[in-house]
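Structure first, commentary second.
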Amino acid sequence: MQKKILAYIEKIPALSPTIAKIVSLTNNDSSSAADLVQVVKLDPTLTTKVLNLINSAYFGIQQKVTSINRAIILLGMNTIKNLALSAEVLSSFNPSHGASFNVDKFWEHSLATAVACKLLSNDVIADPAKREEFFIAGLIHDIGKIFLIKHFPRDYFPIAKKTIEYERLIVKEKKFFSMDHAEIGALIAEKWALSPDLVKAIRYHHDKTGGNEKFPMVPVVYIANYHCKVNGYDDDVAAAVTAPLTDTDWKRLSMSAQKGLEILETLPVKVDEAKAFLQVRNVTEEETAKTMKANEDD
C-alpha cells in the first residue's frame, strides 16, 4: 500500500509555474515589489482570485483594491505570496462532492483552523510577515486526508467513520496504509516545494508534544485544529471531538487556557469574514476579464 501511495504522490502536479516563481521571488531578498507584480500579472485568473481575497471582509480594507500594484503596497510581498498559494491549493486540490463526504464541511474546518492559527500567531510570533504562513499551515494541514479520500475512498471511509476516538484515527491509518494522513500531507507539501516550516507543521499537527518557542507552528496548528473540532467546525471525516484542550496543551504556547480561549473568542466572526477564501475556487471568466482591464489601466 505504501508503494502505491508514493506512486500517487509522485504523479501529483507541481504547483503552477506562476506560484513557483512567486515563492522564489519572495524568498529572495533582492526581489522587488515590481518583480512580483510582473509575475502575478502573467496569470489573470490568479490575479482575480488574489484581488477577491484582498477585498474581502477578512482584510477590512476600506477602499476597493483593483490592482496588484496597490495590493502589494498595502499588504506586502509575503502576504501576497500566501494569498496566491491559498488560491492555488483551494483550486487545484479540491475533491468532488460525494454521499460519504461533505466537502464544504471539510473546507470550513480547514478554514477555521487557518483563522485560529492566525489569531494565535499574533501572540506567539513577533514578525507580522510570518503570521500569514501560520494561516497557510492551518488551511492545508489536512491535505493528506483529501489525498486518501480521493485515491482510496473504499478503504479510507470505513476506517475513518468507524473510529470512535478521534486521536485513534492516525493509529488506524498507519496500520492500514503504512502511512498516516499527516505523513502523506507533509510529502505533498515537499512535492510542492513549500517551506520546511510548513512541511513540519503538517507532518506533526497531531503531535501532542512537538514544537517549542523557536518553532511554535506545530503546537499552534495542533491546538487550532483540536479547538475547531470541539467548537462546531468538524470536518465530517472521522469521529467528532468533545473533550476540550487541557492546560498542558495550552502551556505549549506559554499561555493559560483562559488566555488562549480569549484569543479565539472572535473565531466565528473571523471565519465568516474569511469565507472568501473558499469562494476563490469558482472565479468566473467575467471577473477575470474585469481584472485584466483594471490592471492594464493601472
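Only one residue in E133, E165, E173 is touching a residue at least 24 places away in the same chain (Cβ under 8 Å), more than 29 Å from N78 (Cα to Cα) and surrounded by 21 or more Cβ atoms within 10 Å (Cβ to Cβ), so which one is that? It is E173. On the given criteria, is N52 surrounded by fewer than 15 Cβ atoms within 10 Å (Cβ to Cβ) and either out of contact with any helix residue (DSSP H, G or I) (no Cβ under 8 Å at 6 or more places or on another chain) or closer than 19 Å to E88 by Cα (or both)? Here the answer is no, as N52 does not meet what is asked. The single condition from (1) over 18 Å from L187 (Cα atoms); (2) surrounded by fewer than 19 Cβ atoms within 10 Å (Cβ to Cβ) that T47 fails is (2). When the helices (runs of 4 or more DSSP H) confined to the stretch 169-267 are screened for residues that are out of contact with any Leu (no Cβ under 7 Å at 6 or more places or on another chain) and small (G, A, S), those reaching at least 3 such residues are found at 181-191. Number of residues in the stretch 139-155 that are assigned to a helix (DSSP H, G or I) and farther than 23 Å from V221 by Cα: the value is 5.
The listed residues are V37, V65, V23, V89, and the only one of them that is out of contact with any Pro (no Cβ under 9 Å at 6 or more places or on another chain), in a loop (DSSP other than H, G, I, E, B) and not basic (K, R) turns out to be V65.
Within the option set A87, A20, being buried (at least 17 other Cβ atoms within 10 Å of the Cβ) and either within 20 Å of the chain's Cα centre (by Cα) or not acidic (D, E) (or both) holds for one residue only, A87.
Out of (1) surrounded by 13 or more Cβ atoms within 10 Å (Cβ to Cβ); (2) farther than 26 Å from I170 by Cβ; (3) modelled with pLDDT of 85 or more; (4) of a type in the set (G, A, S), the odd one out for A294 is which? It is condition (3) that A294 fails. In this structure, M77 does not satisfy being touching a Ser or Thr at 6+ places or on another chain (Cβ under 6 Å) and either touching a residue at least 60 places away in the same chain (Cβ under 8 Å) or surrounded by fewer than 15 Cβ atoms within 10 Å (Cβ to Cβ) (or both).
Look at I125 and say whether it is over 14 Å from the mean Cα position of the chain (by Cα), at pLDDT 85 or above, under 27 Å from A257 (Cα atoms) and of a type in the set (A, V, I, L, M). Yes. Within the stretch 216-240, restricting attention to residues that are hydrophobic (A, V, I, L, M, F, W, C) and more than 18 Å from the chain's Cα centre (by Cα), the residue that is surrounded by the most Cβ atoms within 10 Å (Cβ to Cβ) is A238.
In a helix (DSSP H, G or I), touching a Leu at 6+ places or on another chain (Cβ under 9 Å), touching a residue at least 24 places away in the same chain (Cβ under 8 Å) and more than 15 Å from T113 (Cα to Cα), is that true of V280?
yes
The values are calculated or read from the model by the stated rules, or taken from the named source; none is laboratory data. The model shown is predicted, which means the values in this text are computed figures rather than measured ones. Methodologically, a virtual Cβ is constructed for each residue, glycine included, from the backbone with ideal geometry; neighbour enumeration extends over all protein chains shown.
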